[in-house]
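Notes for the one structure printed next.
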Amino acid sequence: MANKTSSIVNIEWKPDKTSNIPIFKQIVSYISNKISKGDWLIGNKLPPQRALAKMFDVNRSTIVAALEELTSLGILEGKSGQGTTIINNTWSLLMSASPPNWQRYIDFSIHKANSPTIQTINKLEFVDGITRLSTGEISPELFPKEMMKKVLQRVPERAYSLNYLEPLGLFELRKILSQHLTKYGIYIPPTCILIVSGSLQALQLISLCMLQPGSTIFTEIPSYLKSLNVFQSAGMKLSGIPMDSSGIMPWILNKKDNLEETSLLYTIPTFQNPTGRLMTETRRQELLDWCKTNRLPIIEDDAYRELWIDEEPPLPLKAYDKNGMVLYMGSISKSLAPGLRLGWLAGPESIVERLGDVKMQTDYGASSLSQWALTEWMESGLYEQHLLILRKHLKERRDLVLHTLETYFKEIATWNTPAGGYYIWLRLNKNISTDRLFEIALSEKLLINPGSIYDFSNNQHIRISYSYASPDELVKGLIKLSELIGEMYQYY
Ligand SMILES: Cc1ncc(COP(=O)(O)O)c(C=O)c1O
């Protein structure tokens, strides 16, 4: 080791000239390393530039570049006539400022974090060996692989490029969607449809472009929306409205409930998440009338519409909307593949244009490959064929789960029979902590979504999904879950 006042005289190391790392960078690393390890000390002088060039077997200009970098970092100091001296030796000092406190940045950021339970669920869904009793996706077994192959083979023939697309999204896709929506009584031109990267993005854009801090978003109790922070992070308030068996009951609100100019109502009338409930046709009319009278615009989230099992659901609210007060959201995440990240928003042209402009500023548009693929899915008729098969499977799975509940849960819970979608909203007879049940179930490798994620207050429910786990896993997992609940009941 050199002593404090001495010069460094001998350097054995040479840079690797075959490496991709620039030579001067290698020299910077080598010298920094020597200093931070304590081999070279503060006050030591480096050999003159010419000597260094010889020792490292490089040009003098490379040495100049390396020394300049180390000087700018505050590690070395060069004085004319006195050579180059080491003036700092710890990384925190060498960096001249302490490293940024990232936690502080995170703590002060605008967007709220997911709840710890949701973060745990999001991570554990990817751990092998866990049975997912609540996941809101279609099972990999149900993914239409062969059809997808056909679709993807055809895409290159028609996708004239994979460049960015126009602000509202691929015209061909908007055109076929405009035709598709007529099946549901929605007559809207392609210019009133915005393609989004999943319907979650539509909510994000609405929060950015149409609302202001302090606005109130009304929604069903319980609701999928409560499991997100999309509106709360933008400073808006989420307020719950109770449901009865026919759907949301907005008349429970009264004037004091912030029904001001900038409020909105978000609803999932068809196979609601998490309750699976289907709003009746009469209630749809009542809701629209009430919202019209009270000038409360509606966001209708229709992500589960195509997954009907027993019979086609009533038409969407949007189909009865004569005054342009419904923004309609659709998605293929539940019916085909959430990984394609595609959804759409249909509404008045001025709104769609505005959201499209902000979308361009956010991500330059949803994946053009996905948009071409979905156009092909729809135009070829494969999407409809796939839905026929999917509905059949969902019916079998729903009936299997209902039968299992009937056999093992009769004494411990009650539940609804969904007419479509993915979910059964299981209500436990005793008021045990479903968050504790979540932990106990996890120790048995069962992943459940406790109702507290979706509710506005404490809750005795679990969201069961029959769409994801295999039939065998569903039965075994539910039997185990019934035993765990039974054990917890003994202490309540
Ligand atoms: C009602 C509802 N809307 C939207 C989504 C998310 O859709 P996307 O993947 O299109 O963002 C979900 C997913 O769980 C949902 O349940």
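The values are calculated or read from the model by the stated rules, or taken from the named source; none is laboratory data. Here the structure is a predicted model, which means the values were calculated and not measured. Glycine also receives a Cβ, built like all others from the backbone with ideal geometry; neighbour counts cover every protein chain displayed. Protein only, heavy atoms only, side chains kept; ligands, DNA and RNA dropped before computing areas. Shrake-Rupley method; radii C 1.70, N 1.55, O 1.52, S 1.80 Å.
Here are some notes:
- For LEU307, distant residues with modelled amide H under 5 Å away: GLY421
- The listed residues THR407, THR117, once ranked by accessible area (1.4 Å probe) with the largest placed first, stand as THR407, THR117.
- Using θ = phi - 60° in the Karplus curve 6.51 cos²θ - 1.76 cosθ + 1.60, the 3J(HN,Hα) couplings for the range 450-458 round to x, x, 4, 4, 9, 9, 9, 8, 4 Hz; x is entered for Gly and Pro.
- Ellipticity estimate at 222 nm from DSSP helix runs (n ≥ 4, -39,500 (n - 2.57)) divided over the chain, nearest 500: -12000 deg cm²/dmol
- Backbone amide hydrogens, once placed in the peptide plane, bring GLU220 within less than 5 Å of ILE241, ILE268, excluding anything fewer than 5 places away on its chain.
- DSSP-defined antiparallel bridges as percent of all bridges, the chain, nearest 5: 60 percent
- For the chain, a simple Cβ point-charge model (Lys and Arg +1, Asp and Glu -1, everything else neutral) yields a dipole of about 1400 debye relative to the Cα centre.
- Shown in residue order for the range 414-431 are the 3J(HN,Hα) couplings computed by the Karplus curve 6.51 cos²θ - 1.76 cosθ + 1.60 at θ = phi - 60°: 10, 7, 9, 10, x, 8, x, x, 10, 10, 10, 9, 8, 9, 7, 5, 9, 7 Hz (x for Gly and Pro).
- Here the 3J(HN,Hα) profile of the range 16-21, calculated from phi with Karplus coefficients 6.51, -1.76 and 1.60 at θ = phi - 60°, is 8, 6, 8, 6, 6, 6 Hz, Gly and Pro shown as x.
- Of the DSSP H helices in the chain, none is both long (alpha-carbon extent of 24 Å or more along the helix axis) and hydrophobic (Kyte-Doolittle mean at least 1.6).
- Sparsely packed loop sites in the range 360-448 (the GluC sites (Glu not before Pro) outside DSSP H, G, I, E and B with at most 10 other Cβ atoms within 10 Å) comprise GLU411.
- Hydrodynamic radius of the chain per Kirkwood, over alpha carbon pairs, in Å: 26.8 Å
- In Å², nearest 10: area of HIS403 left accessible to a 1.4 Å probe: 120 Å²
- Between GLU396 and ASN33, the FRET efficiency from the beta-carbon distance, with R0 = 51 Å, is close to 0.20.
- Part-to-part distance (alpha-carbon centres) for the range 27-95 and the range 157-190, which is given in Å: 61 Å
- For GLU312, GLU487, GLU473, the ranking by accessible surface with the largest value first comes to GLU312, GLU487, GLU473, using a 1.4 Å probe.
- Computed over the range 385-489, Kirkwood Rh from alpha-carbon pairs, angstrom: 14.1 Å
- Within the range 144-384, DSSP assigns beta bridges of which about 40% are antiparallel (rounded to the nearest 5).
- Across the range 393-463, Cα pairs under 8 Å and at least six residues apart give a relative contact order of 26 percent.
- Pairwise centroid distance, computed over Cα atoms, of the range 436-492 with the range 307-354, Å: 31 Å
- Taking 0.692 mPa s as the viscosity and 37 °C as the temperature, the Stokes-Einstein diffusion coefficient of the range 144-384 based on its alpha-carbon Kirkwood radius rounds to 179 µm²/s.
- Over the range 270-422, all Cα pairs binned in 5 Å intervals from 0 give whole-percent P(r) values of 2, 8, 14, 17, 17, 16, 13, 8, 4, 2, 1, listed from short to long.
- Each Lys and Arg adds +1 at its Cβ and each Asp and Glu adds -1 at its Cβ; summed about the Cα centre, the range 144-384 shows a dipole of about 300 debye.
- Scanning residues 5 or more positions from ILE138 or on other chains, none has an amide H under 5 Å from its amide H, with H placed 1.01 Å from N in the peptide plane.
- Measuring nothing but how far apart in sequence close Cα pairs (under 8 Å, 6+ apart) lie, relative to its length, the chain scores a relative contact order of 18 percent.
- Relative contact order of the range 23-94: 38 percent, from C-alpha pairs under 8 Å at least 6 residues apart in sequence.
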